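**Q** The structure under discussion is supplied below as structure tokens; questions concerning it will follow.
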């Protein structure tokens, strides 16, 4: 069942007709807790700390914005922009920004199409967390190439390792979060995740040679694309 990436769509991919606004908002809060629990947040923060103080970061697929909202508080000299193709996501991100009374180093923008339109070398770092598994292989190859053009320094990608044990443990812990989207979509996300061999093949097809692919417990990848 896990020998190939699943093509099944998540409810979040199908649109707002498949969930309520309250359900979506709660899902985004729980998703950030999962990002903290799995180490995505702390790992990303420690990596970003190695960049200069005036670094600009574009978070593609920011969802409810909590990930970069917290990063902006830990890294107040950085400049953060969050984008998402979902208007619901950007509305929620702006609400979260106002509620948290965050620093002025953060803004959110609606991305009007699936095609990234930012100028080449327009941001220092591109960040993408739990976005790539939503893409097909062909879409992902294009995404890798495009984000590397936009970045002046690096692209940081956080995503999931597809593994039988990951699905087993997720089935055990996901009910704790008491959210249908988290329980349902999380399992699909794992089935749409990546093996090391798949990442290496995708990078080869994208003709990307300067990168670091690192596995972290529990069952997650960090891929950093370095600009030449």
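**Q** Give the Rg/Rh ratio for the range 133-228, taking Rg as the radius of gyration of the Cα atoms and Rh as the Kirkwood radius, to two decimals.
**A** Numbers: Rg = 14.7 Å, Rh = 14.3 Å.
Radius of gyration over Kirkwood radius for the range 133-228 works out to 1.02.
**Q** If you don't mind, another one. Using a Gaussian network model of the chain whose springs link C-alpha atoms within less than 10 Å, name the residue from 169, 177, 143 with the highest mean-square fluctuation.
**A** The residue with the greatest mean-square fluctuation here is 169.
**Q** If you don't mind, there's one more thing I want to ask. Taking the range 4-68 on its own, what percent of its Cα-Cα pair distances exceed 16 Å?
**A** Within the range 4-68, distances greater than 16 Å cover 61 percent of Cα pairs.
**Q** What is the spread of the Cα atoms of the range 21-217 along each of their three principal axes, largest first, in whole Å?
**A** 43, 42, 32
**Q** Taking the chain as a Gaussian network, Cα atoms linked when under 10 Å apart, which of 208, 68, 157 shows the biggest mean-square fluctuation?
**A** So, out of 208, 68, 157, the one fluctuating most is 208.
**Q** Which of the peptides 117-130, 79-92 is most tightly packed, and how do the rest follow, going by the mean number of other Cβ atoms within 10 Å of each residue?
**A** Details: 117-130: 18.4, 79-92: 20.1.
Descending mean neighbour count gives 79-92, 117-130.
**Q** Find the centroid of the Cα atoms in the range 182-210 and in the range 9-29, then give the distance between the two in whole Å.
**A** 22
**Q** Using Cβ counts within 10 Å as a stand-in for footprinting exposure, how do 176, 224, 131 rank, fewest first? Write down the numbers at each step before the final one.
**A** On the way: 176 11, 224 15, 131 19.
Listed from fewest to most nearby Cβ atoms, that is 176, 224, 131.
**Q** For the chain, give me the percentage of DSSP beta bridges that are antiparallel, rounded to the nearest 5 percent. Can you show the working numbers first?
**A** Working: 13 of 33 bridges.
Rounded to the nearest five, the antiparallel share is 40 percent.
**Q** Further question on the same structure: For the range 87-129, what does the alpha-carbon gyration tensor say about shape, rounded, prolate or oblate, given a ≥ b ≥ c as the root eigenvalues, a/c under 1.5 as rounded, and a/b over b/c as prolate? Don't skip to the answer; put the middle values down first.
**A** On the way: a/c = 2.62, a/b = 1.46, b/c = 1.79.
Judged from the Cα gyration tensor, the range 87-129 comes out oblate (a/c at least 1.5, b/c at or above a/b).
**Q** Right, something else. State the Kirkwood hydrodynamic radius of the range 45-115 in Å, one decimal place, computed from all pairs of distinct Cα atoms.
**A** Working: mean 1/r = 0.0826 Å⁻¹.
Every distinct Cα pair counted, the radius reaches 12.1 Å.
**Q** Here is a follow-up. Can you sort 162, 191, 180 by how many other beta carbons sit within 10 Å, fewest first? Provide the component values of the computation, followed by the final result.
**A** Values: 162 23, 191 19, 180 15.
In increasing order of surrounding Cβ atoms, one gets 180, 191, 162.
**Q** Here is a follow-up. Counting helices only, and only those DSSP H runs with n ≥ 4, report the 222 nm mean residue ellipticity of the chain as the sum of -39,500 (n - 2.57) divided by its residues, in deg cm²/dmol to the nearest 500.
**A** Working: 9 runs with 100 residues, N = 228.
About -13500 deg cm²/dmol.
Just so you know, all these numbers are worked out from the coordinates, no wet-lab data involved. Source: prediction; values computed, not measured. Backbone-built Cβ (ideal geometry, glycine too); neighbour counts: all protein chains shown.
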